[in-house]
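Student: Here's a structure for you.
The values are calculated or read from the model by the stated rules, or taken from the named source; none is laboratory data. Keep in mind it's a predicted model, so treat the numbers as computed, not measured. No Cβ is skipped: glycine too gets one built from the backbone with ideal geometry, and neighbour counts run over all protein chains shown. To get the accessible areas, we keep the full protein, side chains included, count just its heavy atoms, and leave off ligands, DNA and RNA. Shrake-Rupley method; radii C 1.70, N 1.55, O 1.52, S 1.80 Å.
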Amino acid sequence: MLRKEQNDLLTRTGPGTPMGEMFRRYWMPALLSEELPENECPPVRAKLLSERLVAFRDTRGRYGLIDEFCAHRGVSLWFGRNEECGLRCPYHGWKYDVNGECLEIPSEPDESGFRKKIKLKSYPLVERGGILWTYMGPPELKPPLPEFEFVMVPSDQTFTSKRWQECNWLQAMEGGIDSSHVSFLHRGDLNSDPLFKGARGNQYNLSDSMPFFEVAEHPSGLFIGARRNAENGNYYWRITPWVMPSFTSVPPRGDHPIHGHFWIPIDDENCWAWSFDYHPMRALSEGEVKAMRDGKGVHVKYEPGTHRPLANKDNDYLINRAAQKAGITYSGVEGIAMQDASVQESMGPIVDRSKENLVSTDNGIIMARHRLLKAAKALAEKGIEPPGVDPATQRVRSAAVILAPDQAFKDAAREALTVQPGKAHASI
Ligand code: FES
Ligand SMILES: [Fe+2]
């Protein structure tokens, strides 16, 4: 349970808010690289942390993320003409470069120098791992680019998608560190989804729906361990790393790729759910990539031409009550990603955490909130850099392991929880 002011602090990320200022200290995924596929392609709207921005790729291939609205009289530059190293407002022709500098005001004599005084807000936009990343904080404090394993492996080993989720970022992220719901919400899919099925670990998930949670601190966040019974008195551990503010990696299953997420606020009532799949050791197979493109696993099918899921709140997520009753899907909603999104959106745009009743399986969530509150306050009051900014602290892996009852997961799985290039991930 949280007091209203704590809930507000965690969920508000607009300019000037403590959590918003904290998000602005990290590189965040802004767009998929494929959204700006070539030089002078159409610009793309990109609202992030309640700021309306537009992204474009200029004639020389440089990326820009600038204020959406023209400095003249506020026309959306999404309508802009992307030409000759700049984005030109279609109303009166003012033109801006990737840094938001005004290059031309056609109606004014250039000698007046007026245009030199005009600059739109701009943020860096940099490609890594098929994603265009931005940093919206103080320029002098910009950290090195992120080094999460899924963006560091060769491009044929990794696949990322994003979907619009119509609720606050935190309730979406809390679903990612809540391993206990897998035994319920996703139980119908563990043995049928092509990106999940066939793993031995699935049986432990299905047969033990009362996992014991143990949470260990990590410099950049937490390791959240969920322990279920395995054979001969041993335990099956699923360990989820959470890196502040909103990166998680789901414990792997068999030889399937590892999947995980980022949740990035669009505004306080919407977020981008970024979902990736990567294999540390091998290229993704054709069949795996096809399944991902078809919306299996943590990915979704879209409304054509958008990143809005085809099953969404306007069509009640295409719920199938017969499938629910028959146990084909536990909730009646098809697909793991939409099962998550539907229950999280059903809480309302920003869930009221003063009304909840938490239990022991919510320990990871409780500790994550605590870390976020502490870090946001430390930054706001003392200027302390939040955890997880340093790329060295991002080199974590999720793991699924069998351990003897006397082994503590944080010691026994220490190596498995660290990125080791060229070494396979620990998976059951
Ligand atoms: S509003 Fe953009 S040039 Fe006039
Ligand atoms: Fe889930």
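Student: Looking at 44, 98, which one is among the hydrophobic types (A, V, I, L, M, F, W, C) and open to solvent by less than 20 Å² (accessible area, probe 1.4 Å)?
Tutor: Just a single option satisfies the conditions, and that option is 98.
Student: Residue 119 versus (1) open to solvent by 60 Å² or more (accessible area, probe 1.4 Å); (2) within 11 Å of ligand 1 (Cβ to nearest atom): which is the lone unmet condition?
Tutor: Condition (2) is where residue 119 drops out.
Student: Here is a further query. May I ask you to verify whether residue 356 is farther than 30 Å from residue 203 by Cα, assigned to a loop (DSSP other than H, G, I, E, B) and open to solvent by 60 Å² or more (accessible area, probe 1.4 Å)?
Tutor: The answer is no for residue 356.
Student: Identify all residues within segment 327-348 that are open to solvent by 70 Å² or more (accessible area, probe 1.4 Å) and more than 25 Å from residue 274 (Cβ to Cβ); write none if there are none.
Tutor: Within segment 327-348, just 328 meets the criteria.
Student: Further question: Looking at segment 178-185, is at least one residue within 11 Å of ligand 2 (Cβ to nearest atom) and either of a type in the set (Asp, Glu) or at positive phi (or both)?
Tutor: Within segment 178-185, one or more residues are within 11 Å of ligand 2 (Cβ to nearest atom) and either of a type in the set (Asp, Glu) or at positive phi (or both).
Student: Something else: Kindly establish whether residue 310 is on the phi > 0 side of the Ramachandran plot, open to solvent by 70 Å² or more (accessible area, probe 1.4 Å) and of a type outside the set (S, T, N, Q).
Tutor: For residue 310, the condition - on the phi > 0 side of the Ramachandran plot, open to solvent by 70 Å² or more (accessible area, probe 1.4 Å) and of a type outside the set (S, T, N, Q) - is not met.
Student: Right, next: Which residue is nearest to ligand 1 (Cβ to nearest atom), if the candidates are limited to segment 77-89 and must be under 22 Å from residue 113 (Cα atoms) and out of contact with any Leu (no Cβ under 7 Å at 6 or more places or on another chain)?
Tutor: Of everything passing the filter in segment 77-89, 88 is nearest to ligand 1 (Cβ to nearest atom).
Student: Among 74, 61, which is within 12 Å of ligand 1 (Cβ to nearest atom) and either open to solvent by 20 Å² or more (accessible area, probe 1.4 Å) or not charged (D, E, K, R) (or both)?
Tutor: Selected residue: 74, the only one of 74, 61 that is within 12 Å of ligand 1 (Cβ to nearest atom) and either open to solvent by 20 Å² or more (accessible area, probe 1.4 Å) or not charged (D, E, K, R) (or both).
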